[in-house]
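Chemist: Pasting a structure here, questions to come.
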Amino acid sequence: MNAPLTHPAPGIGPPMWLLAEVTYRCPLHCVFCYNPVDFARHEQELSTDDWLRVLREGRELGAVQCGFSGGEPLLRDDLEILIAEARQLGYYTNLITSGVGLTEARLDAFKAAGLDHIQLSFQDSTKEINDFLTHTRTFDLKQRVGDMLKARGWPMVMNVVIHRLNIEHIGRIIEMADELGAEYLELANAQYYSWALLNRDQLMPSREQLQCAEEITNEWKARLADRMRILFVVPDYHEGKPKKCMNGWGNVFLTVTPDGTALPCHTARMLPGLSFPNVKDHSLRHVWFESAGFNRYRGTGWMKEPCRSCDDKEKDYGGCRCQAYLLAGDPTAADPVCPKSPHHGQVVAALENAENPVRRMRPLVFREPRESRRLTEEIP
């Protein structure tokens, strides 16, 4: 494994994880997608040479893990080239995919390139809900992809976003993962950003549904402890405790978007008053250590009350800046999921709405370029 070529500046460690969002293009139309709702505004993609330079500069900074995601990264014809370069540089490589477009030949090419593991996303244990949530017919394909991964010796890593429309199937979802031979299953309750925020009323489960799902998951954890690791991620709203944003803003993660904009998290582009650098204009070293966007919310010096005097400020760093902006209209505010936040009432209201069987329901908004362009007109 190649060693990093440079040393981090005092006080700021290197990024550990480089997330290469190589495209926003995707054949799926998931209602909880974390891609920006205005993704159609950002159609230009980095060239192969640009991405190869980003990979080299990330490794020189000290990044050790590289994830390839999207959109659907398989839509990039040069993905094998990027994976091979990342592996040669010494990254641990991870492909995050829906499986749409994976063939035997392409999997063999990824294996030859040295890809370490593939995370395969499912939407449900039933064909009907899986295909409804994605607006595609992909359930049977995903099953075949799972078999192809196992046949090539990769660890079977599955991800399922959990929400009101599939949470009552959680036992069957875990059973399906076991039947596919999954060694790792992430049950990631929807976090309400981007497309999931647009569909929050339809997606947020009741507290009873969430508690029941967690109990069932714990039962399966005990049953499958010798062959599968199961991670159940509780949504911020229900937990009532802010999470450390990306393990600390500009602390671990460095995301590069399809058009080359570099971000400390994949949704940070929405924040007002911040200018994030583009890797076509700046080196990753400048991005990480010197750019105003990455330094803006590092540490605790930017905080105001109630975060500034909170005993937990070094634990949660005030929570999520994007969530603060979305719910409080102020990215410097305390994350409204925190009970100390003056804007916590918005979270309480959303939770109460989820308990109301006659709550106002709107049609689901599916992620697609046409909707993205419509929503772009509504975004200042």
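Chemist: Using the Karplus equation 6.51 cos²θ - 1.76 cosθ + 1.60 (θ = phi - 60°), what ³J(HN,Hα) coupling, rounded to whole Hz, does each residue of segment 182-188 give in order, writing x for Gly and Pro?
Modeler: Rounded to whole hertz, the list is 5, 8, 9, 9, 9, 9, 9.
Chemist: Quick one: accessible area per residue over segment 142-274, 1.4 Å probe, rounded to a whole number of Å²? Working shown, then result.
Modeler: Values: 5020 Å² over 133 residues.
Each residue of segment 142-274 exposes 38 Å² on average to a 1.4 Å probe.
Chemist: When Lys and Arg each count +1 and Asp and Glu each count -1, what net charge do the other residues less than 13 Å away from residue 165, Cβ to Cβ, add up to?
Modeler: On the way: positive: 164, 200; negative: 124, 128, 131, 168, 201.
Summing Lys and Arg as +1 and Asp and Glu as -1 gives -3.
Chemist: Just the Cα atoms of segment 55-193: what Rg and Dmax do they give in Å?
Modeler: Radius of gyration, then largest Cα-Cα span, for segment 55-193: 15.5, 46 Å.
Chemist: If you average 1/r over every pair of different alpha-carbon atoms in segment 170-299 and take one over that average, what Kirkwood value in Å do you get?
Modeler: Numbers: mean 1/r = 0.0573 Å⁻¹.
For segment 170-299, the Kirkwood estimate is 17.5 Å.
Chemist: Give me the one-decimal nm value for the distance between modelled label points at residue 12 and residue 305, 7 Å along each residue's Cα-to-Cβ direction.
Modeler: About 3.1 nm, to one decimal.
Chemist: With a/c under 1.5 counting as rounded, go ahead and sort segment 271-380 into rounded, prolate or oblate using the C-alpha gyration tensor (a ≥ b ≥ c being the square roots of the eigenvalues; past the cut-off, prolate if a/b is larger than b/c, else oblate).
Modeler: Numbers: a/c = 2.98, a/b = 1.18, b/c = 2.53.
Oblate.
Chemist: Lysine pairs in the chain with Cα distance under 16 Å, only those 8 or more apart or on different chains: how many are there?
Modeler: 17
Chemist: Tell me the relative contact order for the chain as a rounded percent, counting alpha carbon contacts under 8 Å between residues six or more apart.
Modeler: Values: 707 pairs, mean separation 75.4, N = 380.
This gives 20 percent for the chain.
Chemist: Taking amide H atoms as placed 1.01 Å from N in the peptide plane, list the residues 5 or more away in sequence, or in a different chain, whose amide H sits under 5 Å from that of residue 92.
Modeler: Residues meeting the amide H criterion: 65, 66.
Chemist: Please work out, to two decimal places, the log10 of the ratio I(q)/I(0) at q = 0.08 Å⁻¹ from a Debye calculation in which every Cα of the chain carries one identical scatterer.
Modeler: Taking Cα atoms of the chain as identical point scatterers yields -0.41.
Chemist: Dipole of segment 257-308 (Lys/Arg Cβ +1, Asp/Glu Cβ -1, origin at the Cα centre): which of 294, 260, 279 lies farthest to the positive side?
Modeler: Toward the positive end, the furthest listed residue is 294.
Chemist: Please list, in order along segment 255-260, the HN-Hα scalar couplings obtained from phi with the Karplus expression 6.51 cos²θ - 1.76 cosθ + 1.60 (θ = phi - 60°), rounded to whole Hz, x for Gly and Pro.
Modeler: With coefficients 6.51, -1.76 and 1.60, one gets 9, 10, 7, x, 8, x Hz.
Chemist: Given a 1.4 angstrom probe, I'd like the percentage of the accessible area of the chain that is carbon and sulfur, rounded to a whole number. The partial results should precede the final answer.
Modeler: Details: 8430 of 16220 Å².
Ligands and nucleic acids excluded, carbon and sulfur reach 52 percent.
Chemist: List the relative contact order of segment 153-232 as a percent without decimals, with contacts defined as Cα pairs under 8 Å and 6+ residues apart.
Modeler: Working: 95 pairs, mean separation 33.0, N = 80.
Value for segment 153-232: 41 percent.
Chemist: Could you work out [θ]222 nm for the chain from helices alone, using -39500 (n - 2.57) per DSSP H run of at least four and dividing by all its residues? Round to the nearest 500 deg cm²/dmol.
Modeler: Numbers: 16 runs with 138 residues, N = 380.
Dividing the helical sum by the residues of the chain leaves -10000 deg cm²/dmol.
Chemist: Size of the dipole of the chain about the Cα centre, Lys and Arg at +1 and Asp and Glu at -1 on the beta carbon, nothing else charged, in debye to 20? Before the final figure, lay out each step's value.
Modeler: Details: 44 positive and 51 negative charges, 98 e Å.
So the magnitude is around 480 debye.
Chemist: So what does log10 I(q)/I(0) come out to for segment 14-95 at q = 0.21 Å⁻¹, using the Debye formula with one equal point on every Cα and no solvent?
Modeler: -0.97
Chemist: Given 0.36 nm per residue, what is the gain on full extension from residue 290 to residue 208 after removing their alpha carbon distance, in nm? Walk me through the numbers before you get to the answer.
Modeler: Details: separation 82, 0.36 × 82 = 29.52 nm, distance 4.64 nm.
Difference between extended and current length: 24.9 nm.
Chemist: Let me ask something additional. Find which of 44, 161, 28 sits farthest along the positive direction of the dipole of the chain, computed with +1 on the beta-carbon of Lys and Arg, -1 on that of Asp and Glu, about the Cα centre.
Modeler: 44
Chemist: Modelled label-to-label distance, residue 151 and residue 111, 7 Å Cα→beta-carbon offset: nm?
Modeler: 0.9
The values are calculated or read from the model by the stated rules, or taken from the named source; none is laboratory data. This structure is a prediction, so every number in the text was calculated from the model and none was measured. In this analysis, Cβ positions are derived from the backbone assuming ideal geometry, glycine residues included, and neighbour counts consider all displayed protein chains. To get the accessible areas, we keep the full protein, side chains included, count just its heavy atoms, and leave off ligands, DNA and RNA. Shrake-Rupley method; radii C 1.70, N 1.55, O 1.52, S 1.80 Å.
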